[in-house]
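Chemist: Right, I'll just put the structure down here and ask away after.
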Amino acid sequence: MLSAGFSKVSISPPLGAPLAGFAARQGVCEGIHDELFARALVLENNGKTIVFIGLDVLAVSSEFVNRVRAKIEQRTGIPNNSIMIASTHTHAGPVTVKTFFNPEGTLDPDYMNSLAQAIEDSVSEAWEKRFPARAGVGSGFVSGIGVNRRTPDKKPIDEEIGIIKIEDANGKLRAVFINYACHPTVLGSDNLLATGDFPNFAVEKIEQAIGADSFAMFVNGTQGNISVGHSSELSAIGVITPGRTFENAAELGYKLANATLEALSDISTKDSCELSAAIFLVNFPLKDLPEIEKSAQTFRKAKEDLARLSQTEAVPEVLMKAKSQLLYASITNFYAQETASLDGHLPVELQAFRIGETVFLAVPAEVFVEIGLELKRRAAHKTFIAGIANGYIGYFPTQTAYADGGYEVVSSKIAPQSESVFYREAIKLEEQLFSSPAEVVSVG
């Protein structure tokens, strides 16, 4: 009764294209270290379909997502609310979204059209190549990859790996989906080679272990304050700390792959399972932002201050502080302009898939890990969060994090009380999934 299909299409950028992820990066793409892909996994059962798409890019906008969903539905008949488009959040992929790190940048329309086509083609091929399948959802655990970059003890973290295991009707392993929370930022702003960072090494090793005609894909989790150990603020202003090498990226990727492969034997599969999808449109309160004129004035002053200090023999600490102030002023100015026409609330899509008794919740943000862990505790069913999925609104900190400030808080456009709104709406969305076996679209 269950069928599955998978496919991947290259989305590597052309040489000379700008790379996304670090405002301080100097230079453009000089080569492809490892191929970037649009990966698609299709599951269909009893006429209900869900599609996971993983992109080796930093993020894409909700407008782009909706455009691609419409094309996929037109081509395959798969309902657009059943299509999840998640970005791995590699910081060494093409520029595919305009946001606070590139406020004056523009997107290459030719590349964006080719990206949309690649996604559409990957889903269409996965749909056409469906085979009788068995599926199971389970967990693995891995340590030594992600750390909490905002706390002295580097905790809490989420060591759980969400895993979907796909076999053919004869029980042969064919595909593996993994969900794990960590910034793919082993490589820093000095890297000018396109790469999927540690997740690509994990995916490659899993596919090698499965064998020919196999498939694996990575979807990020609540990685907002989880990284491989590098400071987000120092990275943003261009400070390169030791260890940002491809060798280290491979080591961490292989660690994730090995933990996943070890867990597979404990995940049982079935030839039929309930599938459904639901979407809520949630209005999150915007945080207080200055008026455009004031934010622009602060931004201009920060630029002037840095320019003045750069011409003197300022001590490194003073210069770094000025760079951080300019970064923060730039982000705030961008958000003030972006949200000026809104009525104090930001409409955000939350999407959820049901596979059997498990929920995969898509959030278009860099969600703090504490929020993901709390939702796992509150949810009535096993729940995994796909972060940076179906769009991008910036960071989603916990309510308590706002008092501490810092890069992630400045890079959020939603108010502290958004955390409680999120729990309420996520639980309602979960209840919607299990209230009816049919695919539904709801607005809350």
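The values are calculated or read from the model by the stated rules, or taken from the named source; none is laboratory data. Small disclaimer: the values here were computed from a predicted structure and weren't measured. Cβ coordinates were reconstructed from backbone atoms using ideal geometry, including for glycine residues, and neighbour counts include every protein chain displayed.
Chemist: In the set Ala216, Ala194, Ala236, which member is under 20 Å from the mean Cα position of the chain (by Cα) and within 30 Å of Lys48 (Cβ to Cβ)? Don't jump to the end; show me each part of the working.
Modeler: On the way: Ala194 fails: within 30 Å of Lys48 (Cβ to Cβ); Ala236 fails: within 30 Å of Lys48 (Cβ to Cβ).
None of the other options fit; the residue is Ala216.
Chemist: Condition first: touching a Ser or Thr at 6+ places or on another chain (Cβ under 9 Å), part of a loop (DSSP other than H, G, I, E, B) and at pLDDT 95 or above. Now tell me which residues in segment 1-19 satisfy that.
Modeler: Listed by number, the list holds a single entry, Ile11.
Chemist: How many residues does segment 31-66 hold that are not in a strand (DSSP E or B) and not hydroxyl-bearing (Ser, Thr, Tyr)? Before the answer, list the steps.
Modeler: Quick first cut of segment 31-66, residues not in a strand (DSSP E or B) only: 33-36, 46-47, 56-66.
Restricting the remaining residues to those that are not hydroxyl-bearing (Ser, Thr, Tyr) gives 33-36, 46-47, 56-60, 63-66.
Residues meeting the conditions: 15.
Chemist: Looking only at segment 210-227, filter to residues that are touching a Cys at 6+ places or on another chain (Cβ under 7 Å) and not in a loop (DSSP other than H, G, I, E, B); which one of those is surrounded by the most Cβ atoms within 10 Å (Cβ to Cβ)?
Modeler: Start the filter on segment 210-227 by keeping residues that are touching a Cys at 6+ places or on another chain (Cβ under 7 Å), which leaves 223, 226-227.
Next, only the ones that are not in a loop (DSSP other than H, G, I, E, B) stay: 226-227.
Numbers: Ile226: 28, Ser227: 22.
My answer is Ile226.
Table: residues versus (1) farther than 29 Å from Thr185 by Cβ; (2) surrounded by fewer than 24 Cβ atoms within 10 Å (Cβ to Cβ).
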{"residue": "Ser82", "(1), (2)": "yes, no"}
{"residue": "Ile85", "(1), (2)": "no, no"}
{"residue": "Lys98", "(1), (2)": "no, yes"}
{"residue": "Pro109", "(1), (2)": "no, yes"}
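Chemist: Do any strands (runs of 3 or more DSSP E) lying entirely in segment 326-412 carry at least 1 residues that are surrounded by fewer than 18 Cβ atoms within 10 Å (Cβ to Cβ), and which ones are they?
Modeler: On the way: elements: 345-355, 358-363, 382-387.
Those strands (runs of 3 or more DSSP E) span 345-355, 382-387.
Chemist: Is it the case that some residue within segment 39-55 is of a type outside the set (A, V, I, L, M, F, W, C), under 19 Å from Ala118 (Cβ atoms) and surrounded by fewer than 19 Cβ atoms within 10 Å (Cβ to Cβ)? Outline the logic, then answer.
Modeler: In the first step, residues of segment 39-55 are kept if they are of a type outside the set (A, V, I, L, M, F, W, C); the result is 39, 44-49, 54.
Right, trim to under 19 Å from Ala118 (Cβ atoms) and you get 39, 54.
With surrounded by fewer than 19 Cβ atoms within 10 Å (Cβ to Cβ) added as a condition, the list becomes none.
No: segment 39-55 contains no residue that is of a type outside the set (A, V, I, L, M, F, W, C), under 19 Å from Ala118 (Cβ atoms) and surrounded by fewer than 19 Cβ atoms within 10 Å (Cβ to Cβ).
Chemist: Right, next: For segment 190-199, what are the residues that are surrounded by 24 or more Cβ atoms within 10 Å (Cβ to Cβ) and either in contact with a strand residue (DSSP E or B) (Cβ under 6 Å, 6 or more places away or on another chain) or not aromatic (Phe, Trp, Tyr) (or both)? Break it down stepwise before answering.
Modeler: Within segment 190-199, the subset surrounded by 24 or more Cβ atoms within 10 Å (Cβ to Cβ) is 191, 194-199.
Hits for segment 190-199 are Asn191, Ala194, Thr195, Gly196, Asp197, Pro199.
Chemist: Please give the number of the condition His230 fails out of (1) out of contact with any strand residue (DSSP E or B) (no Cβ under 8 Å at 6 or more places or on another chain); (2) more than 28 Å from Ala17 (Cα to Cα); (3) not in a helix (DSSP H, G or I).
Modeler: All conditions are met except number (2).
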